[in-house]
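The values are calculated or read from the model by the stated rules, or taken from the named source; none is laboratory data. This one's a predicted model, so the numbers in the text were calculated from it and none came from an experiment. Backbone-built Cβ (ideal geometry, glycine too); neighbour counts: all protein chains shown.
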C-alpha cells in the first residue's frame with residue numbers, strides 16, 4: 001500500500017483569507033468607545049447584530065479562486081459581563097477565468113463564541129476579555145472546505161485607549177489599539193482518505209494533517225467622535241465627527257502538527273473607516289494580502305452593524321440576567 005505525503009499545511013479553501021472572526025460588540029470604558037471592527041473581534045461584550053458582512057477577494061490557492069463571503073452574526077449578553085454569539089458564512093468560489101458565480105458555493109461551519117469580560121479600567125481606558133470560539137464541524141458544506149470536525153479556539157481580547165496621555169500629547173488621545181490572540185485546536189489530528197492508484201491498481205492513502213494555528217491580529221484607530229467630545233471641537237462637518245479611520249491586521253500562523261520545518265504566516269493588512277451612528281455603524285476596509293499564499297490581489301470587506309442595546313435597551317438589548325449598567329456612548333447625539 002502506498003502512502004502519499006500530506007497535503008499543504010494551509011489548504012487554500014480551509015484557511016483562506018477570511019477574517020479571524022466576525023466582529024460582535026462595542027465596549028465603553030470611561031470616555032472610550034471601542035467600536036466593532038471588521039477583521040478581529042473587539043474586547044467587549046454587548047447585544048449586537050452584524051448583518052450583512054460581505055467580502056470579496058482572491059484566495060492564495062494555485063491557481064487562485066475568487067471568493068465572495070456573505071455572513072451574519074448575533075451576539076447576546078447573558079449577564080452584564082458574559083455574552084454568547086453565533087454566526088454563519090455563505091461562500092461562493094469562482095474558478096480562475098470562469099464566469100462570476102460559477103463554482104463551489106455553500107455555508108461554512110457554524111461558529112459560536114463564548115466571551116467573558118474579566119477586567120475593565122475606565123481611568124486608563126483598558127479592557128480585557130477571555131473567550132472560546134467553537135467551529136462546529138459537519139455543519140457546513142464540503143464543497144467550500146468546511147471541516148467535518150470541531151475546532152476550538154481559546155482567545156484573549158484587549159483594548160487600550162490613550163485618553164490618559166498628558167496635555168502636551170492631547171492630539172494623540174483619540175488613538176486606541178485593540179487586539180486578540182487565539183490558539184486554534186482541531187478536534188482531529190489528521191484525516192486519511194483511501195483510494196486506488198489508476199495506473200498501478202494499488203491501494204493508496206492520502207493523509208492530511210490539521211495544524212494547530214495561532215490566530216492573531218490587532219487594530220490602531222483614531223476616533224473623531226472622541227476628538228470632538230473629549231479633546232477639542234474643531235467645528236468639522238457632522239459626517240466627519242462620526243468617522244473612525246483605522247488599520248487592522250489579521251494573521252494566521254501554524255505552530256504545531258505541520259509538515260514544514262518553518263512556519264508560514266498568512267493574513268491581510270486592512271486599512272479602512274467606520275461611520276458610527278447612535279444605533280448602527282457602517283464600515284468598509286481593503287484586504288491587502290501580506291504574501292502570495294495570502295491572496296493574489298487586494299480585496300474588500302464591508303459591514304452593517306446594529307447596536308441592539310441602543311435600539312431596544314429594555315428588550316432584546318438587555319442582559320438576560322441582571323440589569324444593564326453600561327452608559328450611553330459618550331458622543332451619542334453629537
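Among (1) in a strand (DSSP E or B); (2) surrounded by 15 or more Cβ atoms within 10 Å (Cβ to Cβ); (3) modelled with pLDDT of 95 or more, which single condition is residue 93 missing?
(3)
Among (1) surrounded by fewer than 14 Cβ atoms within 10 Å (Cβ to Cβ); (2) at pLDDT below 95; (3) touching a strand residue (DSSP E or B) at 6+ places or on another chain (Cβ under 6 Å), which single condition is residue 257 missing?
The failed condition is (1).
Does residue 217 satisfy the condition of being crowded, with 21+ Cβ neighbours inside 10 Å and within 31 Å of the chain's Cα centre (by Cα)?
Criteria met by residue 217.
Out of (1) more than 24 Å from residue 88 (Cβ to Cβ); (2) loosely packed, with under 13 Cβ neighbours inside 10 Å; (3) at pLDDT below 95, what's the single condition that is false for residue 142?
So the condition that residue 142 fails would be (1).
In contact with a strand residue (DSSP E or B) (Cβ under 7 Å, 6 or more places away or on another chain), outside any strand (DSSP E or B) and surrounded by fewer than 17 Cβ atoms within 10 Å (Cβ to Cβ), is that true of residue 170?
No; evaluated as a whole, the condition is false for this residue.
How many residues are buried (at least 18 other Cβ atoms within 10 Å of the Cβ) and over 17 Å from the mean Cα position of the chain (by Cα) if we restrict to the range 109-135?
5
Yes or no: residue 108 within 22 Å of residue 250 (Cα to Cα) and touching a helix residue (DSSP H, G or I) at 6+ places or on another chain (Cβ under 8 Å)?
Yes: the conditions hold for residue 108.
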